[in-house]
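The values are calculated or read from the model by the stated rules, or taken from the named source; none is laboratory data. None of the values given here were measured: they were computed from a predicted structure. Because the Cβ atoms are built from the backbone with ideal geometry, glycine has one as well, and the counts that use them run over all protein chains shown. Just so you know, the surface numbers come from the protein's heavy atoms only, side chains and all, with ligands and any DNA or RNA stripped out. Shrake-Rupley method; radii C 1.70, N 1.55, O 1.52, S 1.80 Å.
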Amino acid sequence: MGKNEQNQMLGIDVGATGIKGAIINLHTGQLVTDRIRFDTPKPATPEAVARVIKEIAKEAGWPAGAPIGCGFPSVVVRGKTLSAANIDQAWLNLKAQKFLSTHTGHPVILVNDADAAGIAALRFGHVKNQTGTVVLLTIGTGIGSALFVDGKLVPNTEFGHMPYKRSIVEDYVSNRARKDRKLSMPEWAKQLNVYLKHIDRMLTPDLIVLGGGISKRFATYEKYLNPGTPVVPAKLLNNAGLIGAALHAQSVLT
Ligand code: BGC
């Protein structure tokens, strides 16, 4: 490893539409390289995803055998992916960490993608120094959640899968649902507000942080939100998943 490389980690974020990666400076949270992005392979089988991760590591110039932190859209317990809502079913109950490590030639440390975004927010964003209960929601193809109590992560919460109407919240309030159901911004934001009120009633959080692509447009729908808990958009936006995955890998390895 080069002189500075112990201060750096390759962070990867596997999403339903894109797989992104960059080398992260672990002290500042800054991207050391440009962000590399590939479309998520269809189908996103473990083999196909492993090939993309290997390719990102190669393009980033990440040394062979060096560890990688990887955010993944699934419940992840002891390296096993225990759900597969927006990813190929082959991931269900897979020893994914082991599989990816074998197939990429890099030790891969997996973490739920929303937890990764939350870890980044805790270190470099809005959750920094925030005591009490903080809920971060990532709103994209799915809805992911990260729960922090006095700065400590409660991993693998799935608040996007709360029962709602005829299905689960994700099917009504995700960005995909907004597009599929052709909802106007006010229509969508009002549903989001109902959801946030449920979160408020269940957890009485001190802060709700909204992440995912649509958090960039927060100013356009903020006026529809009054759940009882203060709501802010995530600061790190699209890179939070990568940064948090890198930070998580470092914390596991040291
Ligand atoms: C998954 C979560 C994930 C979220 C965002 C949901 O469908 O169940 O684990 O965090 O999507 O990708």
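Applying 0.36 nm per residue to the separation of residue 218 and residue 185 and subtracting their alpha-carbon distance, the gain on full extension is 10.8 nm. With the convex hull of its Cα atoms as the shape, the chain has an orientation-averaged projected area of 12.7 nm².
Put a dot 7 Å past the Cα of residue 235, heading toward its Cβ, do the same for residue 194, and the two dots end up 3.4 nm apart. If only the Cβ of Lys and Arg carry +1 and only the Cβ of Asp and Glu carry -1, the dipole of the chain around its Cα centre is close to 320 debye. Phi-derived couplings, Karplus 6.51 cos²θ - 1.76 cosθ + 1.60 at θ = phi - 60°, listed residue by residue for segment 129-135: 6, 8, 8, x, 9, 10, 10 Hz, with x used for Gly and Pro. The mean accessible area for residues of the chain, using a 1.4 Å probe and ignoring ligands and nucleic acids, is 45 Å² per residue. Among the GluC sites (Glu not before Pro) within segment 114-204, not one is in coil by DSSP while having at most 12 neighbouring Cβ atoms inside 10 Å. To two decimal places, what compactness ratio does segment 14-127 give when its Cα radius of gyration is scaled by 2.2 N^0.38 Å? That works out to 1.02 for segment 14-127.
Taking 0.36 nm per residue of separation and subtracting the current Cα-Cα distance, fully stretching the chain between residue 34 and residue 78 would add 12.8 nm. Ligands, DNA and RNA left out, the 1.4 Å accessible surface of the chain is 51% carbon and sulfur atoms. Put a dot 7 Å past the Cα of residue 59, heading toward its Cβ, do the same for residue 166, and the two dots end up 4.0 nm apart. Only protein heavy atoms count here; on that basis, with a 1.4 Å probe, residue 128 has an accessible area of about 110 Å². If a spin label sat at a point 7 angstrom from the Cα of residue 129 along the line to its beta carbon, the backbone N atoms of segment 220-254 nearer than 19 Å would be those of 232-236. Summarising the amide proton neighbourhood of residue 32: residues at separation of 5 or more, or on other chains, whose placed amide H is nearer than 5 Å comprise 23, 24, 25.
Note on residue 184: accessible area approximately 50 square angstrom, rounded to 10, probe 1.4 Å, nucleic acids and ligands left out.
Per-residue ellipticity at 222 nm from helix content only, as computed over the chain with -39500 (n - 2.57) for each DSSP H run of at least four residues, stands at -9500 deg cm²/dmol. Distance between the pseudo-spin-label points of residue 27 and residue 98 (7 Å out from Cα toward the beta carbon): 3.8 nm.
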